[in-house]
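Q: Here's a structure for you.
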């Protein structure tokens, strides 16, 4: 199925062109962070100002960081104009997002009000559900709902076709792309937009990386979003894809999840695509962007194929719980 539009937001910057640096072996500039004693680097999108990039400024008030990144990436992919004039009901939206954690500014008053008066270092459950709840802005919880990133993309673009929200694995973005591909292939929609977004730079997300054994290590927490618009004929397309469950080796009891391997699935996908492709990965350049990682890699690979740097690329992602997905993109 043809790729008619791509978009990206990454630690390299806003846009697909900056992301190409990842495949040239460049390392995105990171912000130093030693607050938690586990990392000295955060892969933050540089100079990202949602108010300058998101059309509806009022909507920003109920957007998480993940949702803001997703909308910007989706707007770039949609800006190709390939789906202009398409019926809103005939455009599908398939997305993956990480756990959309609340900003500290949203919960600070609630937590302060919920402290136990007899021990200010502890929270009182009774006060949390009383005074604390009253101090929590009623719109703030909307930022943390798992499908809100997809909702904001759909609202921004006016899409009313089939929708599917997945998360929060790095493999989920590839699964969303595969479902988007099949929706167009089998005639459920005329166009389909796949979006993946995540920000691993909040404390709770960093702790997830620690529990999975990724920190301390060779990677670092990062954020980003990617979008791929499918439909019609194009020079590059999805040649094959598959998602499944990889074996998890429970031989490291100190880790919450164990270690997972991709197994034979990537080989099956490569065979289905024709047997030749370059393996592509952006983690070494961007850091770990959670649910956005797989689709960010796909966007970088699509651009590389279009520029003639490679003929086909294989992208594989394995989640913390052993879920695995693989996609091969190449000339159609």
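Q: For region 200-240, give me each residue that is within 27 Å of residue 80 (Cα to Cα) and surrounded by fewer than 24 Cβ atoms within 10 Å (Cβ to Cβ).
A: Result: 232, 233, 234, 235, 236, 237, 239, 240.
Q: In this structure, does residue 30 turn out to be surrounded by 15 or more Cβ atoms within 10 Å (Cβ to Cβ), farther than 30 Å from residue 233 by Cα, in the same structural domain as residue 152 (by TED's automatic domain parsing) and at pLDDT below 90?
A: Yes: the conditions hold for residue 30.
Q: Here's something else I'd like to know. What's the total number of residues in region 41-83 that are out of contact with any strand residue (DSSP E or B) (no Cβ under 9 Å at 6 or more places or on another chain) and in contact (Cβ under 8 Å) with a residue 40 or more places away in the chain?
A: 7
Q: So residue 313 clears everything in (1) surrounded by fewer than 24 Cβ atoms within 10 Å (Cβ to Cβ); (2) under 20 Å from the mean Cα position of the chain (by Cα) except one condition, right? Which one?
A: Single failed check for residue 313: (1).
Q: Do we have residue 291 as surrounded by 23 or more Cβ atoms within 10 Å (Cβ to Cβ) and assigned by TED's automatic domain parsing to the domain that holds residue 200 here?
A: Taking the combined requirement at face value, the residue satisfies it.
Q: Could I ask something else about it? Sort out which residues of region 311-332 are in a loop (DSSP other than H, G, I, E, B) and modelled with pLDDT under 95, and write them in order of number.
A: 319, 320, 321, 322, 332
Q: Name every residue in region 160-175 that is in contact with a helix residue (DSSP H, G or I) (Cβ under 7 Å, 6 or more places away or on another chain) and under 30 Å from residue 212 (Cβ atoms), in order of residue number.
A: Correct list: 163, 164, 165, 166, 167, 168, 169, 170, 171, 172, 173, 174.
Q: Hey, another quick one. Regarding region 1-8, can at least one residue be identified that is within 30 Å of residue 136 (Cβ to Cβ) and touching a helix residue (DSSP H, G or I) at 6+ places or on another chain (Cβ under 6 Å)?
A: no
Q: Which of (1) touching a residue at least 12 places away in the same chain (Cβ under 8 Å); (2) in contact with a strand residue (DSSP E or B) (Cβ under 7 Å, 6 or more places away or on another chain) is the odd one out, the single condition residue 124 does not satisfy?
A: Every condition holds for residue 124 apart from (1).
Q: Let me ask another. Considering only region 101-120, how many residues are loosely packed, with under 10 Cβ neighbours inside 10 Å and in a loop (DSSP other than H, G, I, E, B)?
A: Final tally of qualifying residues: 2.
Q: Which of (1) farther than 30 Å from residue 233 by Cβ; (2) part of a loop (DSSP other than H, G, I, E, B); (3) modelled with pLDDT under 95 is the odd one out, the single condition residue 85 does not satisfy?
A: Condition (1) is where residue 85 drops out.
The values are calculated or read from the model by the stated rules, or taken from the named source; none is laboratory data. These numbers come from a predicted model, not from an experiment. In this analysis, Cβ positions are derived from the backbone assuming ideal geometry, glycine residues included, and neighbour counts consider all displayed protein chains.
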